[in-house]
Amino acid sequence: MTVAIAVPREVATGEKRVAMVPEVAGRLVKSGLEVRVQAGAGEQAFYPDAAYTTAGAKIVADTAALYSGASIVLKVQPPTPEEVGRIDPRSIVVSYMNPTRNLDGIRAMAARPVTGFAMELLPRITRAQSMDALSSQATVAGYRTVLLAAGETPRLFPMLTTAAGTIRPAKVLILGAGVAGLMAIATAKRLGAIVEGYDVRRAAGEQVRSLGAKFLELPINAEGTGGYARELTPEEKAMEKAMVDKAVSEADVVITTANIPGRKAPVLIAKDVVAKMRPGSVIVDMAAESGGNCEATRAGERVIDHGVVVLGPLNLPSALPYHSSEMYAKNLQSFLTLLVGKDGKLTDNFSDEILAGSLMVTGGEVKHAPTKALLAGGKP
Ligand SMILES: NC(=O)c1ccc[n+]([C@@H]2O[C@H](COP(=O)([O-])OP(=O)(O)OC[C@H]3O[C@@H](n4cnc5c(N)ncnc54)[C@H](O)[C@@H]3O)[C@@H](O)[C@H]2O)c1
């Protein structure tokens, strides 16, 4: 039997992305899969229904018909309990799942029961790179932060030598040089700013410098397991703070992207440091969703503090839905090769390292240990 894939319209407020784009749908259809896309699903990302039809996908208006007999559901935002209630029991949902912060949705998936794979939990091994949605979406988000800052600053980014005099370039500081931070550095460089970067992982220094930016260095290394940062000791924190405070107070634009997976984001800019910045300076806090890297940040808001504009944007990839959807759909296409064999058959063996690592829930059982602990009333 042909494996059918259902792609619903996203229901979350402000979500413009779609989990499938016509180009990828066409490739999946050619590989022998049936692709059903809910009418209007791609509209906000500028993929019209007709483009999916041309690619060989089916446009389905009715939700019941969309899900009936579909073995795989592809989504961007975690399925809501209502959505889970409409999905066929025993089907597979591949999506962001917001582990530990989406207990109702995950409980609903266990009860239905459906199998859920969380794109955030994908192990970051070389073989999974083409599926790494965290990276693809962080790339888009990092780019966007710089455009937001450029739109807010009263200054030009590039150095200009004109008949009206010489304009000094803007000084841009990027805190956190992971995927998003590196993209922000590259984008600010392209706009002509003088760029500095900082990360607790010393290994990031080489990448920052290779983009033509200066790396702020502490004489410590805080690389933890899997390439992620570990928590700093109190002495290390004091040293980091002195160095970062000085750099922040001298910058025209600061973009913060520092995160520690599964924890509240580290505070890198205290309120008193914002007060030391020049009026007209801009902070874009990409960690707003996980508590913020700046004390003045309010998630989803534009705050003015001592003349400094502090932005705490949410869901940045959704602001560039055409390309973020394309990249996400390609991540999913790659992930699907682990679920559907070359013979077109769906696997029920999830022992592959990537499948096992991203498996959130199956057969009524929550597999992600921190979420499971929370559901049982404990700590993650
Ligand atoms: N092997 C792979 O396939 C693969 C894929 C993607 C990313 N990675 C690696 O994973 C790592 C994390 O990437 P990410 O973009 O998802 O990170 P992230 O979004 O979890 O965090 C962003 C950055 O913030 C930094 N950070 C944390 N605390 C900080 C602090 N107090 N001060 C300054 N910076 C701080 C982190 O070190 C990280 O570089 C990177 O090394 C990246 O190269 C590997």
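The values are calculated or read from the model by the stated rules, or taken from the named source; none is laboratory data. Computed from a predicted structure; not experimentally measured. Cβ atoms come from the backbone with ideal geometry, glycine included; neighbour counts cover every protein chain shown.
Just a few scattered comments:
- Within the stretch 187-205, considering residues that are in a helix (DSSP H, G or I) and touching a Phe, Trp or Tyr at 6+ places or on another chain (Cβ under 8 Å), the one nearest to the ligand (Cβ to nearest atom): 204
- One residue stands out in the stretch 121-152 among those that are within 12 Å of the ligand (Cβ to nearest atom) and without any contact (Cβ under 8 Å) to a residue 40 or more places away in the chain: the one that is nearest to residue 192 (Cα to Cα), namely 129.
- Residues in the stretch 222-241 that are more than 11 Å from the ligand (Cβ to nearest atom) and either closer than 18 Å to residue 183 by Cβ or outside any helix (DSSP H, G or I) (or both): 233 only.
- Count of the stretch 24-68 residues which are of a type outside the set (Phe, Trp, Tyr) and assigned to a loop (DSSP other than H, G, I, E, B): 13
- On inspection, residue 247 qualifies as at pLDDT 90 or above and in a helix (DSSP H, G or I).
- Any chance residue 52 is under 25 Å from residue 337 (Cα atoms), crowded, with 16+ Cβ neighbours inside 10 Å and free of Cβ contacts under 8 Å to residues at least 40 places away in the same chain: yes
- Enumerated strands (runs of 3 or more DSSP E) restricted to the stretch 131-175, each holding at least 1 residues that are surrounded by 16 or more Cβ atoms within 10 Å (Cβ to Cβ): 171-175
- Of residues in the stretch 242-265 being within 11 Å of the ligand (Cβ to nearest atom) and within 27 Å of residue 157 (Cβ to Cβ), the one surrounded by the most Cβ atoms within 10 Å (Cβ to Cβ): 256
Every residue, every condition in (1) in the same structural domain as residue 28 (by TED's automatic domain parsing); (2) out of contact with any helix residue (DSSP H, G or I) (no Cβ under 9 Å at 6 or more places or on another chain); (3) at positive phi; (4) not aromatic (Phe, Trp, Tyr), yes or no:
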position: 304; (1), (2), (3), (4): no, yes, no, yes
position: 308; (1), (2), (3), (4): no, no, no, yes
position: 327; (1), (2), (3), (4): yes, no, no, yes
position: 332; (1), (2), (3), (4): yes, no, no, yes
position: 343; (1), (2), (3), (4): yes, yes, no, yes
